[in-house]
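The values are calculated or read from the model by the stated rules, or taken from the named source; none is laboratory data. Everything numeric here is computed off the predicted structure, so don't read it as measured data. Ideal geometry is used to build each Cβ from the backbone, glycine not excepted, and the neighbour counts take in all protein chains shown. SASA here: full protein model, heavy atoms, side chains in, ligands and nucleic acids out. Shrake-Rupley method; radii C 1.70, N 1.55, O 1.52, S 1.80 Å.
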Amino acid sequence: MDKKEDAFRKRLLSTFKVEAQDHLKTLTSGLIELEKQPPPDVQVETLETIYRSSHSLKGAARAVNVGDIEAICQAAEGVFAMWKQKKISPSPELFDTLYHAIDVISIILASLEEGQPAPEKAQIHKLVRALAQIEAGATEKGEILLPSEEQELRTRISINRMPSFPSAQEGLGETQMPRGQQSAKAQPVTPETVRISTTKLESLLLQAEEMLSVKQITEQYALDLKNIADTLKLCKREIAKVSFDISKDKQGRAGRNGGGEKGAAPALAAALQESFGWMQTHIKSMEGSLAAMTKSAMQHNKTLGRMADGLHDDMKQAMLLPFASLLEGFPLLVRNVSREQGKEVDLVIRGESIEIDRRILEELKDPLIHLVRNSIDHGIETPEIRASYRKPRRGVITIGIDHLDGNRVEITVSDDGEGVDAVQVKETAVRHGILSRIEADNLSEQEALYLIFHSGISTSPIITDLSGRGLGLAIVQEKVEKLGGSVSVKTTPHAGARFRVVLPLTVATFRGISVQAADQVFLVPTTNVEKTTRVRNEEIKTVENKETVMINDRPVSFVRLERALGLTYKKRKTERSDFTAVLLLRVSGKRIAFGVDRVLGEQEILVKNLGKQLSRVRNIAGAAIVGTGRPVPILNAPDLIRSAIKTAGAPAVQAVAAEKAETKRKSVLVAEDSITSRILLKNILESAGYDVKTAVDGIDAITTLKTERFDLVVSDIEMPRMDGFELTARIRGDKKLAEVPIVLVTALEAREDRERGIEVGANAYIVKSSFSQSNLLEVVRRLI
């Protein structure tokens, strides 16, 4: 194949992948709709839609010679045909197989890129046979269930298949550039839309953003010219005054001496007057030229400003994508995760047509996945429990998007589950040494709720591959704050929880408040500033070695900005030395007042990152180019809050951690009947610094526990004489052993087995199919 043919095939495959993704979206949304058992007329229409989409995808695959997709679509098309003729009744197993077919097609599409693995041929043949058996009506119930590892793969793919919006540095494919408002659904290529490489699109946006800097600089130049003109006017008035005084003095001398005064003084006065006259003439000429230049500069600045703002606004609009492009994979995610946990959950999405910068949209994927999975895992109850509370058996998760005032958007993820137990959160924080008992008791309910965003806090009764590590919400907060946003939570017992995320619509520019501290200028994002004010110095009180100030009749911790930034603090003489300018920041429920020398004002600024060499600098989020052309640091508000807390006083967690520090090596008992698995677990744990002893089954483990002390037990479930469930129950029933953490490492991954693990008292449940060394060690470190 020559280069031209190769290039043509790549272009053809690129087009096919775009078309195929559209068909897969139609198939997925159609199956989700059918699984909800809509009215008969809707079922008929939806089934016809997915039948045609499968047929079209088959033809497209044949055209580009992708035989595996063609074969799967051919088999699926036969199933849909039988379904339309009512010769097949829909069942959970049928939907599982069809979803799996979509997942395999997604993997095949991904494998068309160089370096991406393709699914095994045996897997594809097995899938085609299963679909053919369904079409023939020869499959007994349960025969087409997917193996457990494929069940896990399906959930993972449903997450990974969600839209990704690669950056210009990643070698982008093509995307649609919206013209005006775009629908949340996929749009065909028409004269109203064109396909353009996102690499080119981002390059244009970057150039448009640079124009904002030019606009600010020319605006400053025009202002400088005006200031020079004003100064020149002052000089002109002063020269005129001095010239008048000299002329008056000369006339006075002439009168006193009868006009006959001679000597150096009159000659000097005459020379000065002549010189001033010459200067006045030239200043007048300069004044005229400068006035013309100033007027021209102001006009050019206005023109350039309109052009730069118009270009930048248009490019920002071109970079906007509707939330629907991100959320299209969430119904399938909710379906798969809830089914794995034996729960029934409906997903409601509203406001998905609202558009946001695609760069923010990409960063939002992980936080929203964590919030939705958290709602399913921790919030929504099982159907039986919901029925006992007289709730509908099916829970509801709602994702809402609303456009706030200005350049902000609000995203809420709410559920009608059991809510967040603030008391349980505080107990978990105390148990893990994050708070002391006294500190926990002094927290309000809302303050306790914010602890769920702290790394290591989880209310899950057991650690699994889905939850229990306390990282999900910490990742949400970190990602949101990195985007310049905030996240908060409200809850009502047995009525649900509501997570609220507020973000800017774009990342290029934002409103910032300029302040001066330690003879330097800094910018603070306006979204994090609750209030700017002035307080009398005598109102700054010291309570328990911490400075506080009353704002709106409430005490707020006070820290000087330069101290929080680690700069040298000097008391400075100001126009009103009895007052201090204060900036009240609020981030994730925490409020701290920062003292500054001056609040200079608010302005729209262009954000510049610090580059790869300075990708993470404490307290600094980036830099902005102001009108003078000089870079000004943009402060990272969440970092600043944390730095202020450390400055005001060392957190209790450090003292608690110090008390818990131990030099003694921890001991672990491993109960495993397989010699291979036993040796593997022993080596992993010993390499990590633990003392390890082994037992061949539950009876052997109980006997060993009676004679020796261990900090943790790692056990298999399926063992002779006494299995892991019984071993766990025996340990929990023994007063001397009841507090020993237990980790179950097993091949059993059914929901019923995990629930039984929770019932008997296991602290963690690790499935061998997803087992990794780092996963095990992370769990062990958390428990001991």
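Checking Asp22 against (1) open to solvent by 20 Å² or more (accessible area, probe 1.4 Å); (2) in contact with a Cys (Cβ under 9 Å, 6 or more places away or on another chain); (3) touching a residue at least 60 places away in the same chain (Cβ under 8 Å), which single condition isn't satisfied?
The failed condition is (2).
Among (1) surrounded by 14 or more Cβ atoms within 10 Å (Cβ to Cβ); (2) assigned to a loop (DSSP other than H, G, I, E, B); (3) at pLDDT 85 or above, which single condition is Lys682 missing?
For Lys682, the failing item is (2).
For (1) surrounded by fewer than 17 Cβ atoms within 10 Å (Cβ to Cβ); (2) under 30 Å from Asp230 (Cβ atoms); (3) free of Cβ contacts under 8 Å to residues at least 12 places away in the same chain, each residue gets a yes or a no:
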| position | (1), (2), (3) |
| --- | --- |
| Ser285 | yes, yes, yes |
| Asn301 | no, yes, no |
| Met315 | no, no, no |
| Met319 | no, no, no |
| Arg335 | no, no, no |
| Glu340 | no, no, no |
| Lys343 | no, no, no |
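Would it be correct to say that Ala118 is open to solvent by 10 Å² or more (accessible area, probe 1.4 Å) and in a helix (DSSP H, G or I)?
The answer is no for Ala118.
Can Arg782 be described as out of contact with any Gly (no Cβ under 6 Å at 6 or more places or on another chain), assigned to a loop (DSSP other than H, G, I, E, B) and either in contact (Cβ under 8 Å) with a residue 24 or more places away in the chain or within 30 Å of Thr382 (Cβ to Cβ) (or both)?
Numbers: out of contact with any Gly (no Cβ under 6 Å at 6 or more places or on another chain): yes; assigned to a loop (DSSP other than H, G, I, E, B): no; either in contact (Cβ under 8 Å) with a residue 24 or more places away in the chain or within 30 Å of Thr382 (Cβ to Cβ) (or both): yes.
Taking the combined requirement at face value, the residue does not satisfy it.
From the set of residues in segment 721-747 that are open to solvent by 50 Å² or more (accessible area, probe 1.4 Å), without any contact (Cβ under 8 Å) to a residue 24 or more places away in the chain and in a loop (DSSP other than H, G, I, E, B), which is farthest from Lys706 (Cα to Cα)?
Taking the candidates together, the pick is Glu739.
Assigned to a helix (DSSP H, G or I) and either open to solvent by 50 Å² or more (accessible area, probe 1.4 Å) or touching a Lys or Arg at 6+ places or on another chain (Cβ under 7 Å) (or both), is that true of Lys706? Quick ask: steps written out before the conclusion?
Numbers: assigned to a helix (DSSP H, G or I): yes; either open to solvent by 50 Å² or more (accessible area, probe 1.4 Å) or touching a Lys or Arg at 6+ places or on another chain (Cβ under 7 Å) (or both): yes.
For Lys706, the condition - assigned to a helix (DSSP H, G or I) and either open to solvent by 50 Å² or more (accessible area, probe 1.4 Å) or touching a Lys or Arg at 6+ places or on another chain (Cβ under 7 Å) (or both) - is met.
All but one of (1) at pLDDT 90 or above; (2) in a loop (DSSP other than H, G, I, E, B) hold for Gln37; state the number of the condition that does not hold.
Every listed condition holds for Gln37 apart from (1).
State whether the residues of segment 499-517 include one that is modelled with pLDDT under 85, of a type in the set (Lys, Arg) and in contact with a helix residue (DSSP H, G or I) (Cβ under 6 Å, 6 or more places away or on another chain). It would help to see each step written out before you state the result.
Of segment 499-517, the ones modelled with pLDDT under 85 are 504-512.
Now drop any that are not of a type in the set (Lys, Arg), which leaves 511.
Then keep just the ones that are in contact with a helix residue (DSSP H, G or I) (Cβ under 6 Å, 6 or more places away or on another chain); that gives 511.
Taking every residue of segment 499-517 in turn, at least one turns out to be modelled with pLDDT under 85, of a type in the set (Lys, Arg) and in contact with a helix residue (DSSP H, G or I) (Cβ under 6 Å, 6 or more places away or on another chain).
Filter segment 760-779 for residues that are assigned to a loop (DSSP other than H, G, I, E, B) and of a type in the set (Gly, Ala, Ser); which is most open to solvent (accessible area, probe 1.4 Å)? Lay out the reasoning, then the answer.
Filtering segment 760-779 down to residues assigned to a loop (DSSP other than H, G, I, E, B) leaves 761-763, 771-772.
Still in the running and of a type in the set (Gly, Ala, Ser): 761-762, 772.
Details: Gly761: 22, Ala762: 4, Ser772: 42 Å².
In this case the residue turns out to be Ser772.
Could we say that Arg598 is at pLDDT 85 or above, surrounded by fewer than 20 Cβ atoms within 10 Å (Cβ to Cβ), farther than 30 Å from Leu712 by Cα and not aliphatic (A, V, I, L, M) here? Lay out the reasoning, then the answer.
Working: at pLDDT 85 or above: yes; surrounded by fewer than 20 Cβ atoms within 10 Å (Cβ to Cβ): yes; farther than 30 Å from Leu712 by Cα: yes; not aliphatic (A, V, I, L, M): yes.
Against the criterion (at pLDDT 85 or above, surrounded by fewer than 20 Cβ atoms within 10 Å (Cβ to Cβ), farther than 30 Å from Leu712 by Cα and not aliphatic (A, V, I, L, M)), Arg598 qualifies.
The conditions are (1) under 37 Å from the mean Cα position of the chain (by Cα); (2) assigned to a loop (DSSP other than H, G, I, E, B), and Gly757 fails exactly one of them. Which is it?
For Gly757, the failing item is (2).
When you go through Thr676, Thr628, Thr663 one by one, which is the residue that is at pLDDT below 80 and within 30 Å of Val515 (Cα to Cα)? Talk me through it step by step, then tell me what you get.
Numbers: Thr676 fails: within 30 Å of Val515 (Cα to Cα); Thr663 fails: within 30 Å of Val515 (Cα to Cα).
Selected residue: Thr628, the only one of Thr676, Thr628, Thr663 that is at pLDDT below 80 and within 30 Å of Val515 (Cα to Cα).
When you go through Ile69, Ile32, Ile50, Ile88 one by one, which is the residue that is at negative phi, touching a residue at least 12 places away in the same chain (Cβ under 8 Å) and in a loop (DSSP other than H, G, I, E, B)?
Numbers: Ile69 fails: in a loop (DSSP other than H, G, I, E, B); Ile32 fails: in a loop (DSSP other than H, G, I, E, B); Ile50 fails: in a loop (DSSP other than H, G, I, E, B).
Step by step, each of Ile69, Ile32, Ile50, Ile88 is checked, and only Ile88 is at negative phi, touching a residue at least 12 places away in the same chain (Cβ under 8 Å) and in a loop (DSSP other than H, G, I, E, B).
Checking Gly419 against (1) of a type outside the set (Lys, Arg); (2) part of a loop (DSSP other than H, G, I, E, B); (3) open to solvent by 50 Å² or more (accessible area, probe 1.4 Å), which single condition isn't satisfied?
Here Gly419 meets the rest and fails (3).
Return only the number of the condition from (1) free of Cβ contacts under 8 Å to residues at least 60 places away in the same chain; (2) under 26 Å from Val337 (Cβ atoms); (3) out of contact with any Gly (no Cβ under 8 Å at 6 or more places or on another chain) that Ile717 does not satisfy.
Every listed condition holds for Ile717 apart from (3).
Among the residues of segment 42-59, write down those that are surrounded by fewer than 18 Cβ atoms within 10 Å (Cβ to Cβ) and closer than 12 Å to Leu24 by Cβ.
Listed by number, the list holds a single entry, Ser56.
If I filter segment 685-703 down to residues being under 16 Å from Leu727 (Cα atoms) and in a helix (DSSP H, G or I), which single residue comes out as most open to solvent (accessible area, probe 1.4 Å)?
Here the answer is Thr703.
Need the failing condition index for Ser29 against (1) among the polar types (S, T, N, Q); (2) open to solvent by less than 60 Å² (accessible area, probe 1.4 Å); (3) closer than 17 Å to Leu333 by Cα, just the number.
Against the list (1) among the polar types (S, T, N, Q); (2) open to solvent by less than 60 Å² (accessible area, probe 1.4 Å); (3) closer than 17 Å to Leu333 by Cα, Ser29 comes up short only on (2).
Counting just the residues of segment 484-500 that are in a strand (DSSP E or B) and in contact with an Asp or Glu (Cβ under 7 Å, 6 or more places away or on another chain), which one comes out surrounded by the fewest Cβ atoms within 10 Å (Cβ to Cβ)?
Filtering segment 484-500 for residues in a strand (DSSP E or B) gives 486-492, 496-500.
Still in the running and in contact with an Asp or Glu (Cβ under 7 Å, 6 or more places away or on another chain): 496-497, 500.
Working: Gly496: 22, Ala497: 23, Arg500: 15.
Only one residue fits best here, namely Arg500.
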